[in-house]
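Data block below; observations after.
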Amino acid sequence: MSAPKNAMRTPLGKVRHHGAGKEGTGHFIATRATSVALALLLPWFIVTAALSLRTGYLGAIDFLTTPVNAVGVILLVAIGFYHMSLGMQEVVLDYIERPLSKALLLLLNAFVPLALGVGAVFAVLIVNFGV
Amino acid sequence: MAGATRPGSRPVSPHLTIWRWHITMLSSILHRLSGIALYGAAIGFAFWLMAAAAGPETFAKVQTVLNAWYGQAALYLIVAASAYHLANGIRHLVFDTGAGLEPADADTSAWFAVLFAIAAPIGLWALVTFGA
Ligand code: HEM
């Protein structure tokens, strides 16, 4: 760096607040790993649902109580919600600069997919095992 | 920004007023748009599953929305967004290995992703309507 010799900042002071360290690689790998799983799960679900999901309540129950479909849908929800939360975190960090808005949106992006993901998985379990 | 340098020769981000239009611009922003659209679709999917667990009356309400023209249009667009995000996501994974980054190759694969997003919902609709 081109700082003069008598600069007041310590080397640590110069590198702090230049962005987050340590976590980026994990985020990158998690995005890629979930992408590979979703590249199989998403087309599987869309094609299977379009071809075998009959209309109406009973059609949906029929579909969701087939074990392969139940397992596939639970995997799709769990991995999909994780992936989209990782992805949206990146979008928020790219566009939102105001600290309060940024913190609120990041918090929302952490809670909403988790809550809805748990709700959706629980719904598949209720459909299969009753109340 | 202690210690940060900003030489004038730093690479310029692909800003719309600086670069001529090219297909890889579109493929990039469409990945983000389709990802955000799928975020919404996934929330809808969670509510669909919870409606199925809630029982026939609740499910019938969701079904009414899905069967209306706007519900059908939304499903069609969700399939298109899924097809695009899938094709371009695989393109991203290939890029991550270092392959396919030559401008000519990147252009070709970008066109493929866009055309796949147009063809996939039509193909699926045809399969459901006329096939199987
Ligand atoms: C369940 C369906 C999916 C949802 C809800 C979803 C959502 C998202 C979102 C919100 C983003 C952030 C967009 C951005 O940073 O520009 C994203 C990024 C990404 N998605 Fe997906 N996605 C889904 C399926 C897939 C599939 C099937 C693949 C792979 C083949 C994939 C590959 C990727 C990749 C590689 C990125 C990172 C792009 C980048 O680094 O700029 N996604 N996704």
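The values are calculated or read from the model by the stated rules, or taken from the named source; none is laboratory data. Because the structure is predicted, anything quoted here is derived from the model rather than measured. SASA here: full protein model, heavy atoms, side chains in, ligands and nucleic acids out. Shrake-Rupley method; radii C 1.70, N 1.55, O 1.52, S 1.80 Å.
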Show me you know the interface measure: the accessible area buried between B and A, both chains summed, probe 1.4 Å, in Å² to the nearest 100.
3100
Cα radius of gyration and Dmax for chain A (Å)
21.9, 77
Using a Gaussian network model of chain A whose springs link C-alpha atoms within less than 10 Å, name the residue from A:Ser101, A:Ser85, A:Ser35 with the highest mean-square fluctuation.
A:Ser101
What part of the accessible area of the protein assembly as shown, given as a whole %, is carbon or sulfur when the probe is 1.4 angstrom?
71
May I ask you to list, by number, the DSSP H helices of chain A whose Cα span along the axis is at least 27 Å and whose average Kyte-Doolittle hydropathy reaches 0.0 or more?
A:24-52, A:67-95, A:99-129
Highest GNM mean-square fluctuation, chain B, Cα pairs closer than 10 Å: which of B:Ala87, B:Ala117, B:Ala104?
B:Ala104
To the nearest 10 degrees, how steep is helix B:103-130 against the longest Cα principal axis of chain B, on a 0 to 90 scale?
10
Highest GNM mean-square fluctuation among A:Lys102, A:Lys14, A:Lys22, for chain A with Cα springs under 10 Å, belongs to A:Lys14
I need the per residue convex hull volume for the protein assembly as shown, using only the alpha carbons, in cubic angstrom as a whole number.
184
Probe 1.4 Å, all protein chains in place: accessible area of B:Asp105 in Å², nearest 10?
80
Where does chain A land at 222 nm, in deg cm²/dmol rounded to the nearest 500, when only DSSP H runs of n ≥ 4 count, each adding -39500 (n - 2.57), divided by all residues?
-27000 deg cm²/dmol
Can you tell me the accessible area per residue over the protein assembly as shown, all protein chains present, probe 1.4 angstrom, in square angstrom?
64
Lys pairs in the protein assembly as shown, Cα-Cα under 29 Å, at least 8 apart or on separate chains: how many?
4
Show me the three semi-axes of the equivalent ellipsoid for chain B, from the C-alpha gyration tensor (sqrt of 5 times each eigenvalue), largest first, rounded to whole Å.
38, 21, 13
Quick one: helix B:56-67 against the long Cα principal axis of chain B, what's the angle to the nearest 10°, folded into 0 to 90?
50
